[in-house]
Structures are given as structure tokens and as C-alpha cells.
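Peer 1: First, the structure itself, so that you have it in front of you.
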Amino acid sequence: MQKTTLLLAVALAFSASSWGQDVKINGTGVSLEANKTPIHTAKNPQAIALLPQDLHLAVPGKFTVAVAALNSPPLTVFADDNKTLLGSEADIARLVAESLGLEVKRGSHFMGRLAAGGHLRQI
């Protein structure tokens, strides 16, 4: 029992020193550190002009998106804080929202509603 406790303590000590480096998720190497700096874009007046005048957003001023798969790189993975989403889904959602002059609102619970017969509105 003492050997197990000692081995666990050593393993935890070394794992803490590797935070922020490459990690393996589902057998895929992912650099969380390299993905922490978000990419941004400017508002696109031409795209904004194409939005319908009567566009009803689920949350005013927010571009609401569903995240299909949490911790599935390269689509989505949690950062070290276990709150911030990194990956291509998070980047694409942020870029689309910013180009339309909106903030992004993410949630994984929306997918369940869609699968249960919810509706998508095309914009």
C-alpha cells in the first residue's frame, strides 16, 4: 500500500510539470499551449448586410452554436482551466460571430434538443 501511495505521489508530481505541453486525447497528440491564443477577424459589413432584417437570434447579440463533441480533438477540447473550449469548432464559431459583429454563445445541450425534434433556422 505504501509503495502504491508513493508511486501515485510521484506520478502526480511529474504530471503537473507537463501541464500546458502536448497531451494525448483519444490517442491524438494535441498542443493545448499552441491553441490557447485565439485567432480573430474583423466585422464584415458585406456579410452583415446580407442578414435578414427580421433575424431573430436566440440570445440578442449572440451567435448561438451547438458543440457536438466535447474533448474530441481537433474539433473541441477543453483548455487547462476546464472551461475554455479550444479547437476548430470553437475557432470557426468565434470567427463567424466576429465577422457578423456578434458574440459567440456555445452549448453542448442544444444538440440533444435538435436530436429530439428541435428545428434549425437557416440564416
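Read-outs: derived from the displayed coordinates by stated rules, not from any lab. All figures in this text were calculated on a predicted structure; none of them were measured in a lab. Cβ sites come from the backbone with ideal geometry, for glycine too, and all protein chains shown count toward neighbours.
Peer 1: Please sort 89-97, 44-52, 59-67 by packing, taking for each peptide the average over its residues of neighbouring beta carbons within 10 angstrom, highest first.
Peer 2: Ranking the peptides 89-97, 44-52, 59-67 by packing returns 89-97, 59-67, 44-52.
Peer 1: Taking K and R as +1 and D and E as -1, what net charge do the other residues with C-beta under 14 Å from the C-beta of A42 add up to?
Peer 2: +1
Peer 1: Further question on the same structure: So how much slack lies between Q46 and K62, counting 0.36 nm per residue of separation and subtracting their Cα-Cα distance, in nm?
Peer 2: Here the segment from Q46 to K62 would lengthen by 3.9 nm.
Peer 1: Please give every one of the aspartates and glutamates within straight-line cross-link reach of K83, meaning a C-alpha to C-alpha distance under 19 Å, and leave out same-chain neighbours fewer than 8 residues apart.
Peer 2: Filter leaves D22, E33, D91, E103.
Peer 1: For every other residue with a beta carbon closer than 13 angstrom to the beta carbon of A97, add +1 if it is Lys or Arg and -1 if Asp or Glu, then tell me the sum.
Peer 2: Net charge around A97: +1.
Peer 1: Still on this structure, please answer the following. In whole Hz, with x marking every Gly and Pro, tabulate ³J(HN,Hα) for region 79-90 from phi via Karplus 6.51 cos²θ - 1.76 cosθ + 1.60, θ = phi - 60°.
Peer 2: Rounded to whole hertz, the list is 6, 4, 7, 6, 10, 6, 8, 10, x, 5, 4, 5.
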